[in-house]
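Notes for the one structure printed next.
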Amino acid sequence: MSAEAATDAGSAQRGRTTLTAQALRRLATGLVADASGASAREVAVRWEDARGGLHAAVTVPLVQGRAPEGTLAEQGAELRAALTAGMADLAGRRVDGVDLRYSGVRRVERRRVR
């Protein structure tokens with residue numbers, strides 16, 4: 001064992017960090033809201049157990065007028081990727097599946113700065 005490894009092992013804090021279901025839901029809501037351009041109030045996330053992983057059911061409005069545009073399938077794939085990567089990076093949780101439902105359309109007008 002190297003001196004660096006011994007120092008790292010000796011400085012570790014004992015204890016546990018627990019993420020509640022509500023914390024995971026709010027984190028997922030924020031990730032989806034950021035990725036979609038919708039407000040967090042417009043996003044609904046429901047979690048289900050998927051054999052040790054998580055499966056998300058997400059409802060979000062389709063936000064039009066924000067860049068970049070793409071097909072619905074491409075936008076859905078981007079939302080799924082943002083949610084799975086964000087949950088892995090921030091919460092250390094594996095998301096095995098994401099069901100995405102668009103609840104409507106919200107248009108965003110671009111404003112010019114004068």
Strands (runs of 3 or more DSSP E) lying entirely in the chain (those with 3 or more residues that are in contact with a helix residue (DSSP H, G or I) (Cβ under 7 Å, 6 or more places away or on another chain) and at pLDDT 90 or above): 53-64, 95-107
Residues being under 15 Å from Asp34 (Cα atoms), touching a strand residue (DSSP E or B) at 6+ places or on another chain (Cβ under 8 Å) and among the acidic types (Asp, Glu) - total across the stretch 69-114: 0
The stretch 88-107 residues that are acidic (Asp, Glu), paired with ones that are in a strand (DSSP E or B) (beta carbon under 8 Å, 6 or more apart): Asp96/Ala50; Asp96/Gly53; Asp96/Leu54; Asp96/His55; Asp99/His55; Asp99/Ala56; Asp99/Ala57; Asp99/Val58
Qualifying residue in the stretch 74-91 (condition: open to solvent by 80 Å² or more (accessible area, probe 1.4 Å) and either more than 22 Å from Leu24 (Cβ to Cβ) or among the aromatic types (Phe, Trp, Tyr) (or both)): yes
The stretch 21-34, residues that are small (Gly, Ala, Ser) and surrounded by fewer than 19 Cβ atoms within 10 Å (Cβ to Cβ): Ala21, Ala23, Gly30, Ala33
Flag if Gly37 is open to solvent by less than 90 Å² (accessible area, probe 1.4 Å) and closer than 22 Å to Thr20 by Cβ: no
Hits in the stretch 45-58 (condition: open to solvent by 40 Å² or more (accessible area, probe 1.4 Å) and either touching a Lys or Arg at 6+ places or on another chain (Cβ under 9 Å) or closer than 20 Å to Ala85 by Cβ (or both)): Arg46, Trp47, Glu48, Gly52, His55
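The values are calculated or read from the model by the stated rules, or taken from the named source; none is laboratory data. All figures in this text were calculated on a predicted structure; none of them were measured in a lab. Positions of Cβ are backbone-derived with ideal geometry, glycine not excepted, and every protein chain shown enters the neighbour counts. Note: accessible area is taken over every heavy atom of the protein model, side chains too, but ligands, DNA and RNA are not part of it. Shrake-Rupley method; radii C 1.70, N 1.55, O 1.52, S 1.80 Å.
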